[in-house]
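Visitor: What follows is a single structure, and I will ask about it in a moment.
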Amino acid sequence: MGLLILVVATAAWRWWTISHWSWFADDWIYLYETQEQGFLAYVFQGYNSHLMPGQFLVVWLITSVQPLGFGLAAGVLTAFAVASVIAWAAALREIFGEKVQLLLPLLLIALSPLLLMPTVWFASGVQVLPLQLFMGLSVLFTARYALRGHRRSDAVWLLVSFAAGLFFWEKALLVMIPVAFVGYLLVEGAPVARLRRLVPVLAAPTVLAAVYTVVYLTTRRSGAIGIQTTQFAPRSFDEWWEFMTASMRNIGLTTIAGGPFETMQDAWDNYVPISSALAASLGVALVLFLVVSLVLRRGSALAIAMTAVYLLVSWGLVLSSDRYVDTLLVAAGTGRYATDILPVAALTLAFLTAQTRSANQTSQVRRAPSPRVVEGGRLVMQMVAACVALAIVVMNALGWAAAREQSPRPWVDAIVADSKRAGDATLVSTPPPPTVIHPVLFLANAQLPKMLKPLDLPLSFDRPSQQLLAADGSGHLREAEVVNYAAKNKPTDNPDCGFLVRPGRTTRVPMTIDLYGFAWAVRLDYFAEQPTSITVSTDTVDVDLDLQQGLRLMQFGVNDSISSFEVSAPADASPVCVTQVFVGSFGASDRSPFQEPAQ
């Protein structure tokens, strides 16, 4: 019953949070590239030097079925989350049997607040959740092999699970760490005999890992096929110590206790350091728990070493990469860099608090305490477990309350819906808000032409038009206007026409000040007796304009310095009066381009 409640709660919570999020940051690059690359090139691309065809296959399929729709994406992530809980529940049951104390490790794996942002952000969730799932399956089949007579079928399913993890992300290579430790802990005999018994089940995954590593290094690390590589470099002992202690303080200690407890700095799940008092209290409690486990339980040292080794390798990859150089200790407070450590730590917790099925009860106890001590210890553990569970519930609620305020969903839903209504309109490529994709960090990828490309709409962008459309702060399309005037034309001595542009001639329109090179927005008011065309020139850029008859205006952008405008007309054109010119930036007005239905 407890497991059923946990599975249902996981499904409900993940669906609720993920479906109220939307495409964010790197997601937009994933989506755009589905339109720019062929299928195989896209699936096997080296994004940030990763090898993760499974993830890109999922994105390709979602975009093919529901372009820029997030409902299917939310369903996929929720399914991975639920499958992961079920896989880990089966693994723990196989190792320990049905024990109520296993609910706490499962609760950490399923609903730790550490997973909140990494699961709602699709590009992160499609890394984190499949890795968690296939790690759980790999541990499950390793345990089945060790405890059920070394069946070949379990060895085959271990290989399949490990291969599936590698198909989704190269970091699944680290799955071999808990697999090897679990196998060694569960088989019986002397150390050498244990290793011999594990050779048949671990040989094939080890060979696969070696071959995969060679393929990865030659295709992702050599630069031979033009893939941009993440740079790695050795770090000093002081840097290792500083990073590891900061990571344990900011993420590790609080996660084990049901946190993190601090509110997020932003949607990137960067957590601020906890107080020294809280860090000291949690650190002392953890050390005391580990010491008691080492004194009372055989095999506890190996269980602790399993998490320690995995933690050093996982965080060590971050520390030695250029992510550390770019962010320094910010990376030590980034939750998603620790999500793959979480299930390994939960597995260690299970080994330290529950008897395995591999031997009789007394063989696993190093020193049997008195019944009174056992009863007191059980009561303390129950109280601690209750506090951790309560902390998980509270911090999930508080964390989501803060995160939902930064959700990209309202903006994304609005821009997608309005773009589908806009027909062949011309849009100004104004930058989206940082809560959707940060314009400074992602530069050209944070532009509407790329972001809306998967919709395959007849929209055009940044072309001269009588009426441009621009997205406002909520993502809705509004009529664009030139705002924040930086300059305008100098007064003319022709009040009837302004600046007359004759056929075959060029007229200079002087400006109140010289403008430096920038992406300027221009509004040109004019009068034409009949449709015609003109060319507007700045210092180095020419813009061709097709003008309609009457008293109208044209809006266009120009990326150049502007000392004046030179307006010329071909010999077969008709005269044009340029009445006013304003230069500033584009903004969204409060006028909707859509005819609203009558109330």
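The values are calculated or read from the model by the stated rules, or taken from the named source; none is laboratory data. Keep in mind that what you see is a predicted model, and the values were worked out from it rather than measured. Please note: Cβ atoms are built from the backbone with ideal geometry, for glycine as well, and neighbour counts cover all protein chains shown. Ligands, DNA and RNA are stripped out before the accessible areas are found, and what is left, the full protein with its side chains, is counted by its heavy atoms. Shrake-Rupley method; radii C 1.70, N 1.55, O 1.52, S 1.80 Å.
Visitor: List the number of the failed condition for LEU115; all other conditions in (1) open to solvent by 30 Å² or more (accessible area, probe 1.4 Å); (2) in contact (Cβ under 8 Å) with a residue 60 or more places away in the chain; (3) under 19 Å from ILE5 (Cβ atoms); (4) not basic (Lys, Arg) hold.
Guide: Here LEU115 clears every test but (1).
Visitor: Would you tally the residues in the stretch 40-57 being open to solvent by 20 Å² or more (accessible area, probe 1.4 Å) and part of a helix (DSSP H, G or I)?
Guide: Selection size over the stretch 40-57: 5.
Visitor: For the stretch 289-303, which residues satisfy the criterion of being among the hydrophobic types (A, V, I, L, M, F, W, C) and either in a loop (DSSP other than H, G, I, E, B) or farther than 24 Å from ARG336 by Cα (or both)?
Guide: Matches in the stretch 289-303: PHE289, LEU290, VAL291, VAL292, LEU294, VAL295, LEU296, ALA301, LEU302.
Visitor: Out of TRP240, TRP268, I need the residue that is within 30 Å of MET395 (Cα to Cα), modelled with pLDDT under 90 and assigned to a loop (DSSP other than H, G, I, E, B). Which one?
Guide: Selected residue: TRP268, the only one of TRP240, TRP268 that is within 30 Å of MET395 (Cα to Cα), modelled with pLDDT under 90 and assigned to a loop (DSSP other than H, G, I, E, B).
Visitor: Given the criterion at pLDDT 95 or above and in contact with a Ser or Thr (Cβ under 8 Å, 6 or more places away or on another chain), identify the matching residue among SER568, SER574.
Guide: SER568
Visitor: Within the stretch 119-137, is there a residue that is more than 30 Å from SER22 (Cα to Cα), not in a helix (DSSP H, G or I) and not charged (D, E, K, R)?
Guide: Looking only at the stretch 119-137, we keep the residues that are more than 30 Å from SER22 (Cα to Cα), and these are none.
No, because not a single residue in the stretch 119-137 is more than 30 Å from SER22 (Cα to Cα), not in a helix (DSSP H, G or I) and not charged (D, E, K, R).
Visitor: Please tell me if ALA110 is aliphatic (A, V, I, L, M), in a helix (DSSP H, G or I), open to solvent by less than 10 Å² (accessible area, probe 1.4 Å) and out of contact with any Leu (no Cβ under 8 Å at 6 or more places or on another chain).
Guide: Values: aliphatic (A, V, I, L, M): yes; in a helix (DSSP H, G or I): yes; open to solvent by less than 10 Å² (accessible area, probe 1.4 Å): yes; out of contact with any Leu (no Cβ under 8 Å at 6 or more places or on another chain): no.
Considered against the rule, which asks whether it is aliphatic (A, V, I, L, M), in a helix (DSSP H, G or I), open to solvent by less than 10 Å² (accessible area, probe 1.4 Å) and out of contact with any Leu (no Cβ under 8 Å at 6 or more places or on another chain), ALA110 comes out as no.
Visitor: Quick check on the stretch 203-220. Is at least one of its residues of a type outside the set (Ser, Thr, Tyr) and within 25 Å of the chain's Cα centre (by Cα)?
Guide: yes
Visitor: Another question about this same structure. Where in the stretch 440-551 are the strands (runs of 3 or more DSSP E), entirely inside, with at least 1 residues that are acidic (Asp, Glu) and buried (at least 19 other Cβ atoms within 10 Å of the Cβ)? Break it down into steps so the answer makes sense when it comes.
Guide: Details: elements: 469-471, 477-488, 499-501, 506-528, 532-537, 542-547.
Output list reads 477-488.
Visitor: Just to be sure I understand the filter: pairs with C-beta atoms under 6 Å, separated by 6 or more residues or on different chains, first member in the stretch 84-97 and within 19 Å of VAL187 (Cβ to Cβ), second member basic (Lys, Arg). Which pairs pass?
Guide: Note: pairs meeting the criteria are GLU94/ARG144; GLY97/ARG357.
Visitor: For residues in the stretch 64-88 being over 19 Å from PRO130 (Cα atoms) and within 20 Å of the chain's Cα centre (by Cα), which is surrounded by the fewest Cβ atoms within 10 Å (Cβ to Cβ)?
Guide: Going through the qualifying residues, I end up with GLN66.
Visitor: Filter the stretch 334-378 down to residues that are assigned to a loop (DSSP other than H, G, I, E, B) and among the small types (Gly, Ala, Ser) and give me whichever is modelled with the highest pLDDT.
Guide: Just the residues of the stretch 334-378 that are assigned to a loop (DSSP other than H, G, I, E, B), to begin with: 339-340, 354-361, 366-370.
Now restrict to residues that are among the small types (Gly, Ala, Ser): 354, 358-359, 368, 370.
Working: ALA354: 88, SER358: 69, ALA359: 59, ALA368: 68, SER370: 70.
My answer is ALA354.
Visitor: Still on this structure, I have one more. Give the stretch 63-83 a look and list any residue that's in contact with a Ser or Thr (Cβ under 7 Å, 6 or more places away or on another chain), in a helix (DSSP H, G or I) and in contact (Cβ under 8 Å) with a residue 60 or more places away in the chain, or say none.
Guide: Answer for the stretch 63-83, where residues must be in contact with a Ser or Thr (Cβ under 7 Å, 6 or more places away or on another chain), in a helix (DSSP H, G or I) and in contact (Cβ under 8 Å) with a residue 60 or more places away in the chain: THR63, LEU77, ALA81, VAL82.
Visitor: For the condition touching a Leu at 6+ places or on another chain (Cβ under 9 Å) and surrounded by fewer than 18 Cβ atoms within 10 Å (Cβ to Cβ), what is the one hit in PHE594, PHE582?
Guide: Selected residue: PHE594, the only one of PHE594, PHE582 that is touching a Leu at 6+ places or on another chain (Cβ under 9 Å) and surrounded by fewer than 18 Cβ atoms within 10 Å (Cβ to Cβ).
Visitor: Failed condition for LEU286, given (1) assigned to a loop (DSSP other than H, G, I, E, B); (2) out of contact with any strand residue (DSSP E or B) (no Cβ under 9 Å at 6 or more places or on another chain), with all others met?
Guide: (1)
Visitor: So LEU282 clears everything in (1) closer than 25 Å to ALA180 by Cα; (2) surrounded by 13 or more Cβ atoms within 10 Å (Cβ to Cβ); (3) of a type in the set (A, V, I, L, M) except one condition, right? Which one?
Guide: Status for LEU282: all satisfied but (1).
Visitor: Just name the residue that is modelled with the lowest pLDDT out of those in the stretch 295-333 that are surrounded by 14 or more Cβ atoms within 10 Å (Cβ to Cβ) and of a type in the set (Val, Ile, Thr).
Guide: Filtering the stretch 295-333 for residues that are surrounded by 14 or more Cβ atoms within 10 Å (Cβ to Cβ) and of a type in the set (Val, Ile, Thr), the one modelled with the lowest pLDDT comes out as THR327.
Visitor: On the given criteria, is THR263 at pLDDT below 85, of a type in the set (Ser, Thr, Tyr), more than 30 Å from ALA401 (Cα to Cα) and in contact with a helix residue (DSSP H, G or I) (Cβ under 9 Å, 6 or more places away or on another chain)?
Guide: no
Visitor: Does any residue in the stretch 199-210 that is surrounded by 15 or more Cβ atoms within 10 Å (Cβ to Cβ) come within less than 8 Å, Cβ to Cβ, of a residue that is not in a helix (DSSP H, G or I) six or more places away or on a different chain, and which pairs are these?
Guide: VAL201/HIS150
Visitor: Condition (residue is surrounded by fewer than 18 Cβ atoms within 10 Å (Cβ to Cβ), touching a strand residue (DSSP E or B) at 6+ places or on another chain (Cβ under 8 Å), more than 23 Å from THR34 (Cβ to Cβ) and among the β-branched types (Val, Ile, Thr)) applied to the stretch 382-392: is it met by at least one residue?
Guide: no
Visitor: Can you tell me which residues in the stretch 195-205 are basic (Lys, Arg) and either touching a Gly at 6+ places or on another chain (Cβ under 8 Å) or not in a helix (DSSP H, G or I) (or both)? Full working, then the answer.
Guide: First, the residues of the stretch 195-205 that are basic (Lys, Arg): 196-197.
If the condition is that a residue be basic (Lys, Arg) and either touching a Gly at 6+ places or on another chain (Cβ under 8 Å) or not in a helix (DSSP H, G or I) (or both), then ARG197 is the only one that fits.
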